1. List the lysines whose alpha-carbon lies under 28 Å from that of LYS163, not counting same-chain residues fewer than 8 positions away?
2. For segment 1-138, what relative contact order do you get, as a whole percent, if you take Cα pairs closer than 8 Å and at least 6 residues apart?
3. Can you check how the C-alpha radius of gyration of segment 73-163 compares to 2.2 N^0.38 Å, as a plain ratio?
4. Could you compute Rg(Cα) / (2.2 N^0.38 Å) for segment 3-164, with N its residue count?
5. Between HIS88 and residues 5 or more places away or on another chain, which pairs have amide H atoms under 5 Å apart, with H built 1.01 Å from N, and which residues are they?
6. Ranked highest first by the average count of other Cβ atoms within 10 Å around their residues, in what order do 132-142, 79-89, 109-119 fall?
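Please treat every number below as a calculation from the coordinates, not as lab data. Here the structure is a predicted model, which means the values were calculated and not measured. Note: ideal-geometry Cβ built from the backbone for every residue, glycine included; neighbour counts use all protein chains shown.
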Amino acid sequence: MTCLKKFGAPSIEELKCSPGFPRDEDYRLGNIAVIECVEQIPCNPCETSCPKGAIKVGNPITNLPTIDFEKCVGCGICAAKCPGIAIHLMNVNHGEDKALITFPYEYFPLPEAGDRVVLVDRLGGEVCSGKVEKVTCPKSYDITALISVSFDRKHYENVISMKRL
Ligand code: SF4
Ligand code: SF4
């Protein structure tokens, strides 16, 4: 049984077998979208919202999304538009030993830039602390807020979201 079926979240090993997840060399491109969409659901706002045509779902609409990381400019639109909260951005070169994660966040109140937060893994376990660098508030009902948090780079494969201190 997969970790997704057993625990409700995929393992890193499962994600690395999915077409929207970066390989090690893709992270060297800078701030890129990381797609963690591993169930074949009828959905494609990631594809239709990307201004660079980097994401493809195609036909049938139940295809898993693929991404051309060379085309991704890290704008975050796909992450804000994905109804499944299945996309975040990762920049593993945010300063000397820091990475920057930008993830969709549906809870209020939103944090503010400068806040200290706890970053959590896919099962909600605490991983490390981080500093909120930027908050992008939604301007319409179909867009999710994006929170950018800097943290110790060594945790980049594990962190996925945050909880407030
Ligand atoms: S971050 Fe922007 S450019 Fe990159 S895949 Fe998402 S929408 Fe496209
Ligand atoms: S919009 Fe989100 S949930 Fe829908 S196919 Fe794309 S990544 Fe998956």
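1. LYS5, LYS6, LYS16, LYS81, LYS98, LYS131, LYS134, LYS139, LYS154
2. Working: 222 pairs, mean separation 27.0, N = 138.
Normalised by residue count, the contact order of segment 1-138 is 20 percent.
3. Numbers: Rg = 12.2 Å, N = 91, 2.2 N^0.38 = 12.2 Å.
Compactness ratio reported: 1.00.
4. 0.98
5. For HIS88, the qualifying residues are VAL34, GLU36.
6. Working: 132-142: 12.0, 79-89: 19.9, 109-119: 13.8.
Per-residue Cβ counts within 10 Å, averaged per peptide and sorted highest first, yield 79-89, 109-119, 132-142.
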